[in-house]
Amino acid sequence: MLSDTMAKAINEQINKEMYSGYLYMAMSANSTDMGLDGFAKWFMVQYHEEMFHAMKMYEYLADQGAKVVLETIEKPRDTWKTPMEMVKETYEHEQTVTASIHNLMLLAKEENDFASMAFLEWYVTEQVEEEKSAQDIINRLKLAGEGPGLFMIDKELGSRSLSVPSDFSAGLGGEE
Ligand code: OFO
C-alpha cells in the first residue's frame, strides 16, 4: 500500500517519462528533417524506452492498488539546428530526470516505504546509463566534427535496436 504522497509523486514521474518520450520523438522528427536517419532511429528507440519507463511505473501503481492519473503532456520544442544541440539537450534533460528519480527515492526513504525503494533502484541504475549514452554521443560528435565523421556516427546510431517491449496491451510480462 502506497501513501497518497508517494502515489501522487509516482504519477507525476509517469508524466515526466511521457514528456521525455515526446521530447525524443520530436528530436527524431527533427533528425529526419535534417537527413540524419541514424539519429532519427536512435531517438525513436529512446522514445520507446521512455514509454517503457512510464509503463513500469503504471504497473507498479496498479500492483499497489493506487490509481494511475494521467496529466497533460507539455509540448516539446520542435526545432534544433545541429545534432550536437539535440544531444546536449538530451544530456541536460536526463540530468533533470535523474534528480527527479533521486527525489522519489528520498521520499520513499522518509516514508520507510521499502517496496518503493526496491522498485526505484532500477531507475537509479537506468539513469546512470541514460546520462552515459548521451555523454558518449557528445564526445563522439566533438571528435568527429560536422564532416564525414558525422555520417559515420549517424550510421552507427542507426544500428541501435529496441531492447524493451513496445506492446503494453498485455502488461510488461515481467520484462525489464
Ligand atoms: Fe526515463 O529515462 Fe530518460 O528520461
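The values are calculated or read from the model by the stated rules, or taken from the named source; none is laboratory data. Note that the structure is a prediction, hence the values are computed from the model and not measured. Glycine gets a Cβ as well: all are built from the backbone with ideal geometry, and neighbour counts include every protein chain shown. For the accessible areas, the whole protein counts, side chains as well, though only heavy atoms, and no ligand, DNA or RNA atoms are used. Shrake-Rupley method; radii C 1.70, N 1.55, O 1.52, S 1.80 Å.
Remark: Ala62 matches the filter, which requires a residue to be more than 13 Å from the ligand (Cβ to nearest atom), open to solvent by 50 Å² or more (accessible area, probe 1.4 Å), free of Cβ contacts under 8 Å to residues at least 40 places away in the same chain and part of a helix (DSSP H, G or I). Just one of (1) surrounded by fewer than 19 Cβ atoms within 10 Å (Cβ to Cβ); (2) under 20 Å from Trp122 (Cα atoms); (3) within 11 Å of the ligand (Cβ to nearest atom) fails for Tyr22. It is (2). Trp80 - would you say it is part of a helix (DSSP H, G or I) and in contact with a helix residue (DSSP H, G or I) (Cβ under 9 Å, 6 or more places away or on another chain)? When the stated conditions are applied, Trp80 does not pass them.
Just need a number here: residues in the stretch 133-174 that are in contact (Cβ under 8 Å) with a residue 24 or more places away in the chain, hydrophobic (A, V, I, L, M, F, W, C) and closer than 13 Å to Leu36 by Cα. Count: 3.
The number of residues in the stretch 109-141 that are more than 11 Å from the ligand (Cβ to nearest atom) and more than 17 Å from Gln13 (Cβ to Cβ) comes to 10. Regarding Lys41, is this residue open to solvent by 60 Å² or more (accessible area, probe 1.4 Å), under 23 Å from Ser166 (Cβ atoms), part of a helix (DSSP H, G or I) and of a type in the set (D, E, K, R)? It is true that Lys41 is open to solvent by 60 Å² or more (accessible area, probe 1.4 Å), under 23 Å from Ser166 (Cβ atoms), part of a helix (DSSP H, G or I) and of a type in the set (D, E, K, R).
Quick grid of which residues meet (1) under 19 Å from Tyr91 (Cα atoms); (2) open to solvent by less than 30 Å² (accessible area, probe 1.4 Å):
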{"position": "Asn112", "(1), (2)": "no, no"}
{"position": "Ala115", "(1), (2)": "no, no"}
{"position": "Glu121", "(1), (2)": "no, no"}
{"position": "Thr125", "(1), (2)": "yes, no"}
{"position": "Glu129", "(1), (2)": "yes, no"}
{"position": "Leu141", "(1), (2)": "yes, yes"}
{"position": "Gly145", "(1), (2)": "yes, yes"}
{"position": "Leu150", "(1), (2)": "yes, yes"}
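Among the residues of the stretch 146-162, are any assigned to a loop (DSSP other than H, G, I, E, B), touching a His at 6+ places or on another chain (Cβ under 7 Å), within 16 Å of the ligand (Cβ to nearest atom) and within 22 Å of Met44 (Cβ to Cβ)? There is at least one residue in the stretch 146-162 that is assigned to a loop (DSSP other than H, G, I, E, B), touching a His at 6+ places or on another chain (Cβ under 7 Å), within 16 Å of the ligand (Cβ to nearest atom) and within 22 Å of Met44 (Cβ to Cβ). Restricting attention to the stretch 28-50, the residues being out of contact with any Asp or Glu (no Cβ under 8 Å at 6 or more places or on another chain) and within 16 Å of the ligand (Cβ to nearest atom) number 9. Restricting to the stretch 83-108, name every residue that is within 14 Å of the ligand (Cβ to nearest atom), in contact (Cβ under 8 Å) with a residue 60 or more places away in the chain and among the small types (Gly, Ala, Ser). If the condition is that a residue be within 14 Å of the ligand (Cβ to nearest atom), in contact (Cβ under 8 Å) with a residue 60 or more places away in the chain and among the small types (Gly, Ala, Ser), then Ser100 is the only one that fits.
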